[in-house]
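Below is one structure. I have some questions about it.
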Amino acid sequence: MRAENSATPQNAIAVRPATGSTSPGSGADGNPQDATSASQRQAGTLQAALGVVAFSLTFPATAWGLDGFGPWSLVAVRSVLAAVIAGGCLLALRVPLPARPHWPGLAVVAAGVVVGFPLLTTLALETSTTAHAAVVVGLLPLTTALFSALRVGTRPSRTFWLAALAGAAAVIAFTVQQSGGALTGADAYLFGALLICAAGYTEGGRLARVMPGWQVIGWALVLCLPLTVPGALVALSWEPVRLTVHSVTGVLWVAAGSQFLGLVVWYRGMAAVGIPRASQLQLAQPLLTLVWSVLLLGEHLTPAAPLTAVAVLVCIAVTQRARA
């Protein structure tokens, strides 16, 4: 991050236009600025989609990790490993410390994405199936868009909201049907994770407009080290650990894939196309999670899966075209 970013006022960060916004003087007449803007939006959409794919593997990988680790150990170890990767990148590239106005936002990202969401969903997956937990992901785009409207001042169109609500309803109906419609004691964890993750996503997307997305999650991970290192030591001494191929693979994926690399491309995508539009790509995440659950965990899907997939893809197409 360049030194001049340190002088950026906090309130100026919140109102800075997204990268894909139309600049003054650029029209739809073949202006090179239009082509550049369209290219940036396409790249941002692809990056956000890659983040969704990485996130869709989180619940199955967590289930694998729970085969050999306790929930507290799993969360602490994944955070420490991800922080080691991120910290190594920051040191190797000699990235300076973020400006002081950015630290409160990084603290929100750390609380929501690094600690809160992984811990609450891991605790939920002790008694919940991955299909039931996917309900959280189905609601996450709507709560992220709501937090964005409150925090960043975005005002999506009515068409955007109708398509988002329809897509969320389709995903929720499908995932609830997959779990038999039963509510469990894990629901409190899941809904808490939903709210805190939406706050972290929103703040991370806002910061990714003024600093590289990988640095946002990188500094958030490093910021948590004074908490996660002692937590890992205590949890590992308290909870029994059984190293297996599944448990080690699960921990490595949630640390490197979900906790770091996935968030890097996700925040870059949100900065390019805007938080509300990027968040709607997550409507496909529960379905992807269910596919991975079949392939990796041996769960079974009903014939409703392809119908729901088509409905979700239609809703995503509408939200991507609707003006935010």
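Before we move on, is GLY153 open to solvent by less than 60 Å² (accessible area, probe 1.4 Å), more than 25 Å from PRO118 (Cα to Cα), small (Gly, Ala, Ser) and at pLDDT below 80?
Values: open to solvent by less than 60 Å² (accessible area, probe 1.4 Å): yes; more than 25 Å from PRO118 (Cα to Cα): yes; small (Gly, Ala, Ser): yes; at pLDDT below 80: yes.
Yes: the conditions hold for GLY153.
Additional query: So if I check each of VAL216, VAL245, which one is in contact (Cβ under 8 Å) with a residue 12 or more places away in the chain and out of contact with any Cys (no Cβ under 9 Å at 6 or more places or on another chain)?
Numbers: VAL245 fails: in contact (Cβ under 8 Å) with a residue 12 or more places away in the chain.
Among VAL216, VAL245, only VAL216 is in contact (Cβ under 8 Å) with a residue 12 or more places away in the chain and out of contact with any Cys (no Cβ under 9 Å at 6 or more places or on another chain).
Additional query: Got at least one residue in region 168-180 being at pLDDT 80 or above, more than 17 Å from PRO286 (Cβ to Cβ) and surrounded by fewer than 22 Cβ atoms within 10 Å (Cβ to Cβ)?
Checked region 168-180: no residue is at pLDDT 80 or above, more than 17 Å from PRO286 (Cβ to Cβ) and surrounded by fewer than 22 Cβ atoms within 10 Å (Cβ to Cβ).
If we only count helices (runs of 4 or more DSSP H) wholly inside region 204-265, which ones have 1 or more residues that are at pLDDT below 90 and not hydrophobic (A, V, I, L, M, F, W, C)? Before the answer, list the steps.
Values: elements: 213-223, 225-238, 245-252.
So the answer is 213-223.
Here's a follow-up. Looking at the structure I just gave you, is TRP219 under 22 Å from the mean Cα position of the chain (by Cα) and open to solvent by less than 60 Å² (accessible area, probe 1.4 Å)? Give the derivation first.
Numbers: under 22 Å from the mean Cα position of the chain (by Cα): yes; open to solvent by less than 60 Å² (accessible area, probe 1.4 Å): yes.
In short, yes.
Go through (1) touching a Cys at 6+ places or on another chain (Cβ under 8 Å); (2) at pLDDT 85 or above for LEU123 and report which single condition fails.
Unmet condition: (1).
Out of ALA12, ALA35, ALA48, I need the residue that is at pLDDT below 50, in a helix (DSSP H, G or I) and farther than 30 Å from TRP238 by Cα. Which one?
ALA12
Out of everything in region 267-324 that is of a type in the set (Gly, Ala, Ser), in a loop (DSSP other than H, G, I, E, B) and over 27 Å from TRP214 (Cα atoms), what residue ends up being most open to solvent (accessible area, probe 1.4 Å)?
Result: GLY298.
Scan region 118-141 for residues that are surrounded by fewer than 24 Cβ atoms within 10 Å (Cβ to Cβ) and more than 23 Å from LEU297 (Cα to Cα) and jot them down.
LEU139
Just to be sure I understand the filter: pairs with C-beta atoms under 8 Å, separated by 6 or more residues or on different chains, first member in region 226-239 and under 21 Å from ALA110 (Cβ atoms), second member open to solvent by 90 Å² or more (accessible area, probe 1.4 Å) and not in a helix (DSSP H, G or I). Which pairs pass?
Matching pairs, first to second residue: none at all.
Please report, ordered by residue number, the helices (runs of 4 or more DSSP H) entirely within region 52-117 with at least 3 residues that are out of contact with any Leu (no Cβ under 6 Å at 6 or more places or on another chain), closer than 28 Å to PRO286 by Cβ and open to solvent by 30 Å² or more (accessible area, probe 1.4 Å).
Details: elements: 58-65, 71-92, 103-109.
Result: 71-92.
The rows are residues; the columns are (1) without any contact (Cβ under 8 Å) to a residue 60 or more places away in the chain; (2) of a type in the set (S, T, N, Q); (3) at positive phi.
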position: GLY88; (1), (2), (3): yes, no, no
position: VAL95; (1), (2), (3): no, no, no
position: GLY105; (1), (2), (3): no, no, no
position: GLY112; (1), (2), (3): no, no, no
position: LEU123; (1), (2), (3): no, no, no
position: HIS132; (1), (2), (3): yes, no, no
position: THR159; (1), (2), (3): no, yes, no
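From (1) more than 17 Å from PRO118 (Cβ to Cβ); (2) in contact (Cβ under 8 Å) with a residue 40 or more places away in the chain; (3) in a helix (DSSP H, G or I), pick out the condition that doesn't hold for ILE172.
For ILE172, the exception is condition (2).
The values are calculated or read from the model by the stated rules, or taken from the named source; none is laboratory data. Everything numeric here is computed off the predicted structure, so don't read it as measured data. Neighbour counts are summed over all protein chains in view; Cβ atoms, including those assigned to glycine, are modelled from backbone coordinates with ideal geometry. Surface areas here come from the heavy atoms of the whole protein model, side chains and all, with no ligands, DNA or RNA. Shrake-Rupley method; radii C 1.70, N 1.55, O 1.52, S 1.80 Å.
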